[in-house]
Amino acid sequence: MKVKVLSRNPDDYVRETKHDIQRVPRNYDPSLHPFEVSREYTRALNATKLERVFAKPFLASLDGHRDGVNCLAKHPRSLSTLLSGSCDGEVKVWNLTKHECVRTLQAHEGFVRGMVVRYCGSSFFTIGDDKTIKHWKMEAPGYGEEEEPLNTILGKAVFTGLDHHQKSAVFATCGHQVDIWDEQRSTPIRSFTWGVDSFSSVRFNPVETELLGSCASDRSIVLYDMRESTPLKKVIMTMRTNTISWNPMEAYYFTCANEDYNLYTYDMRYLENPVKVHVDHVSAVLDVDYSPTGREFVSASFDKTIRIFPKDSASSREVYHTKRMQHVICVKWSADSKYILSGSDEMNIRLWKANAAEKLGVLSPREKQAIHYSQKLKEKFQHHPQIKRIARHRHLPKVIHHQRKELRVMKEARRRKEMNVRKHSKPGSVPVVSEKEKHVVSVVK
Amino acid sequence: MAKVSKKNSHKKKLMVSCGDPAISEGDQQLLYEDEEEEQGGMDRAEEETMSSEEDEGEDERKRQKLLEGIRSLGGKRKKALGERSEAAGQMSEFSVNPDGGPGKVQLSDLIGSLEKTPAVPAKSKKQLKNLQRSKKTIESPLSKQETERIQRDMAFQKAASEVSRWDGVITQNQRAEQLLFPLNRDPAGPRPVERLVVGWKARTPLEQEIFALLSANKQPLIDPILTPAEEASVKAMSLEEAKIRRAELQKARALQSYYEAKARRERKIKSKKYHKVQNKAKRKEFLKHFEEMVQMDPAVALQELNKMELARMQERMTLKHQNSSKWAKSKAIMAKYDEEARKAMQQQLEMNKELTQRLITPLNDDDDEEEEKEEAAADEADMLPDFVNDAVDGRDASNPWMKGKLSAEPAQQQLSDALTEAAQASVSEEEECQAGETEEEALLGEFNSRRKLHQAQESDAAGGVLPEEVTEDRAAAVESEASDSDDSCLLESPSISRGRENVLKETKATDHSERSALLEERLMRIRTVEDLELLPHEPSDEPSQPPTTKAPPSEEKHLGKRKKKGIELKEVLTKETKLIKVPFTPTVTDSEDPEAKIDQRGLIKEAFAGDDVISDFLKDKRRKEDEGKSKVIDLTLPGWGDWGGVGLKPPKRKRRRFRVKSAPPPPRKDQHLPSVIISEKRNTSVSLHQVHSLPFPFENHAQFESCIRSPLGRAWNTERTVKKVTKPRVVTQLGAIIDPMAEEELLKNNKKVVASS
């Protein structure tokens, strides 16, 4: 009788050194791994559930201002530095890693309307209700020295918006006109007017650095080229635009935050109608900022929420709110695309994660792989109702929830009415106007 | 005068600074300094003018002085304000006086002077005269609004076209499988050791010697790096060149195959006579050329000599022409009578003599032929000049230090460097061919050299036309490129509109899917996993998508069908599960016993002998069929319209009347399939988990199902596949600042496009 015994060659499974990876003999025969779809479905479901469980976006609140935070500014060279200006004219410089204020200065009398850090990060500019533009050093003054601006420019009217050029020593302000300033001069090197009496915000295009966009109180968005003597084009919308933000990766797209609760993404070459209408807020949108990757943007609203929109999606992927957060006036996306900063009426600056369930810090390779895998699974099964239901669920405060409902009813009623009118009038006399076309009044050349 | 010119220059500077907003700080500084200087200069200038007025009259001066004295008496002295005066009017003899002077300058005055000057061409004189004669008024300029509008429009067009150059980058990024941020990352992958290890130095004398040698010869110090010459050649090889090279290679290969085929054909010819003739011809040809060869190419001649020697030796070894073969013997018998046979034998002997005769060669006189034969190759090597050896010796496959060609003397090499570098572009290919180890390259080199020879001949004939042609070609290429770019410029405006159309299309396509919100916002908070289960299943409070105003009727018709159909979970979720046939391999086998070789089936049969699976299944099926069959429903109510009670039955008439037979159900799907039970009931519990409508990017059900069916995990895929499949869309670096896109991306993209086209 012959006895067969299992025998293995140790070369097949023994590592040469302990630093080698363990060898895992595998058999990919599909019959040995049955029910692949159902197993992956379960994994996707679990991953979705865990994502919702671990979704804790709120990281910290920075308090110290004695009035509402009116503007924020990112530091272009340091991730841990944030500047904030409040409604009482105070500017604070924050260290985000330590969650503490490192410097406070009384910059203006009245509101700090705008603030921007120079591209090199060595100094910053502020504008305020006292009709001044001030240029400050980034370093705090030494012991015994007084806090003094490097330079002060007294303007003729109140400035409401400020932005700095991406590469050269030029900045732009807006008030009753849009001015381009050279840092060395006390008078603007160029002024643009186009029959409007006040502008609310001006932004440089970060890619095509000579282009600017501004929004005015006559419900218009005006585009400029710094090299030209005249503005380029103007689009008038049904309601006023509060801010605009250019996409930092796609030169000709910008998004504007409108009073009519929506955001609009435009292609600057075709202003006739927006590329996308982003709905979801239930009150005026006050600020918008693009992620540095250019794939998403965050918006702050008067309805006390922050929402994150994919750049080509009509509805938001995320909504952030806390009980104590009041009207959010300004919002910024951090330069490493991981965090969101919001300044609100109730004197606090809040630090959020851009991806609510993301694990922060250094990940081991296996962790990374697992995260990527579960991410793909979630994507793959995202259309299945059970997974969709969990992934989409967000808690909303009662007020906002009811407002949303109300808005929905109103919208439906309007739609129904329009439909009825169309039904009872001569065919073709009441044309169908798409949502995009509704909000643009005219384009002025 | 000096003052004026200074002033003018200052003005110019001001103009420049106004014109250029982005003037540098240094310039600014200079400007300010200049201004100060100007102030000083002005004072000085004023003094100068005072002195110049001195000549005009003493009286004037005295009067002034007096006046000043009087003024100063009046208490407070007024501080004289520095004031700018336009002195140009007094000084200039060219510019028009601001005060008017003699009066306005008329065109006719100028023309009058024109006629006197001979230098002005007659044509312009005529033009001026015509101008004077014409009475037409010039059109009034456009209104300010209008001009501004035109300006704006122009500026916008310019800006739009400028921005449109990003189209390529943007679309590419939208389509990219993976985006890495920040954009200007260091390239991944291993870096050469020399960049990592900086502090290492050659210490031992051997190392130093080797390094000296290597550096003198410009050889790479580390194995995989190319020599500067090789790098240059790699860089020099453009796409076009590569194409040409490839074509040549193809041609060479084809020709080679033809030759091979021909040779094979010839070899197959059995006729001895043919071969004899061939050989003889070859020999003759060879002998003819041998004399020349000795003078021209002694090395090759030597080789040939050696070959002949070898043939001789082989001849001596064999008994081929010794007249000892069968044929020779038969001939020997005939030789007595036959002249011809004798001749043949003679020939044979002569041949033998000829072949065995030793040639007068400078080979060493070694009598031992066998030894000679062995050493033939070595001797050959000895006899060859040094440079022939070099190529072989210089290359040692096992020794990476000795890759490439080494010359005997580095100094010489250095001298020749200049020459080689100059001629590198042209020669590099040849060098490669010589050093190249592959057959192809050798072949190609041969071709190349042949072509060059041919070209040289041609150029000789045409008197150096060739280089011109080359340059012409290049110029043509450049031109074509330029025209291409022109074309692209011209095409830009339509491309804009096209881009817009695309965008519109895209948005239209995506619009539909994104109408439905991404989020479902409720008042409930989720704190635990259990909460997730409690979420309502149907998005009840979300109003469904508003129905389109005029849904096409056909769609409505289909709607019902579609609802029924949906996407079956069976189709979507489960692949047909395969039976796993795991053989029960006994660990102990009794090979001696032949009866134990009962096959698996038999074994199983034996084990489950009692169970009649098939009949059970059939019963099951029949039961299912019976369940589905129409039943007779008895609706009779005992006691209705009649007496009722214990033992009383409703009358037969009524019973018949109130019996209802339901309509027969449609035929079962499995009625012709004996071994299958198909349940046609809709399982509502499953429908909760099913996808009810086709999601956006998919075009048909099959596509979606196949996407769902292909697993991603590492149980089903190899490690590499998993990595590839689960690659995240966007990768960002922890703690790295992502700067906005810079102009360099545009250049990179352009390069990519050029490379791909």
Subject >> 2 or more residues modelled with pLDDT of 80 or more and farther than 30 Å from A:K376 by Cβ: qualifying helices (runs of 4 or more DSSP H) within the range B:153-262 >> reply: B:205-216
**OP:** Please state which one of A:W94, A:W136 is in a strand (DSSP E or B), surrounded by 21 or more Cβ atoms within 10 Å (Cβ to Cβ) and free of Cβ contacts under 8 Å to residues at least 60 places away in the same chain.
**Re:** A:W136
Subject >> Verdict on A:D345 being at pLDDT below 95 and in contact with a Ser or Thr (Cβ under 8 Å, 6 or more places away or on another chain) >> reply: no
Subject >> Residues of the range B:699-729 classified as surrounded by 15 or more Cβ atoms within 10 Å (Cβ to Cβ), among the hydrophobic types (A, V, I, L, M, F, W, C) and either more than 7 Å from chain A (Cβ to nearest Cβ) or within 30 Å of A:D336 (Cα to Cα) (or both), total >> reply: 4
**OP:** Please state which one of B:E146, B:E139, B:E115 is surrounded by fewer than 13 Cβ atoms within 10 Å (Cβ to Cβ) and touching a Lys or Arg at 6+ places or on another chain (Cβ under 8 Å).
**Re:** B:E115
Original post:
Considering only residues of the range B:735-749 that are within 7 Å of chain A (Cβ to nearest Cβ) and under 30 Å from the mean Cα position of the chain (by Cα), which is farthest from A:K74 (Cα to Cα)?
Top reply: B:M741
Original post:
Taking the range A:277-293 as the search range and keeping residues that are within 10 Å of the chain's Cα centre (by Cα) and within 12 Å of chain B (Cβ to nearest Cβ), which one is nearest to A:M249 (Cα to Cα)?
Top reply: A:P292
**OP:** Scan the range A:157-173 for residues that are farther than 16 Å from A:P206 by Cβ, of a type in the set (S, T, Y) and in a loop (DSSP other than H, G, I, E, B) and report the count.
**Re:** 1
Subject >> Check on A:S316, at the interface with chain B (Cβ under 8 Å from one of its Cβ atoms), polar (S, T, N, Q) and buried (at least 21 other Cβ atoms within 10 Å of the Cβ) >> reply: yes
Original post:
For the range A:27-48, does any single residue satisfy the condition of being within 12 Å of chain B (Cβ to nearest Cβ), surrounded by 12 or more Cβ atoms within 10 Å (Cβ to Cβ), in a loop (DSSP other than H, G, I, E, B) and touching a residue at least 12 places away in the same chain (Cβ under 8 Å)?
Top reply: no
Original post:
Taking the range A:207-218 as the search range and keeping residues that are within 12 Å of chain B (Cβ to nearest Cβ) and surrounded by 24 or more Cβ atoms within 10 Å (Cβ to Cβ), which one is nearest to A:Y266 (Cα to Cα)?
Top reply: A:G213
**OP:** Taking only the range A:97-133 into account, find how many residues are crowded, with 21+ Cβ neighbours inside 10 Å, not basic (K, R) and not in a loop (DSSP other than H, G, I, E, B).
**Re:** 11
**OP:** Can you work out which of the residues in the range A:294-313 that are more than 9 Å from chain B (Cβ to nearest Cβ) and among the acidic types (D, E) is surrounded by the most Cβ atoms within 10 Å (Cβ to Cβ)?
**Re:** A:D303
Subject >> Any hit, the range B:305-324, residues being more than 30 Å from B:A216 (Cβ to Cβ), of a type outside the set (G, A, S) and modelled with pLDDT under 50 >> reply: no
**OP:** Consider only pairs whose beta carbons are under 6 Å apart and that are at least six residues apart or on different chains; among these, list those whose first residue lies in the range B:645-666 and is in contact (Cβ under 8 Å) with a residue 12 or more places away in the chain and whose second residue is small (G, A, S) and in a loop (DSSP other than H, G, I, E, B).
**Re:** B:S662/B:S630; B:P664/B:S630
Original post:
Hey, any hits in the range A:323-331 for a residue that's among the charged types (D, E, K, R), more than 24 Å from A:V440 (Cβ to Cβ) and modelled with pLDDT of 95 or more?
Top reply: no
Original post:
If we scan the range A:393-415, do we find a residue that is among the β-branched types (V, I, T), more than 30 Å from B:G735 (Cβ to Cβ) and touching a helix residue (DSSP H, G or I) at 6+ places or on another chain (Cβ under 7 Å)?
Top reply: no
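The values are calculated or read from the model by the stated rules, or taken from the named source; none is laboratory data. Predicted model, so just to flag it, every value in this text is computed and none were measured. Note that each Cβ is placed from the backbone with ideal geometry, even for glycine, and that neighbours are counted across all protein chains shown.
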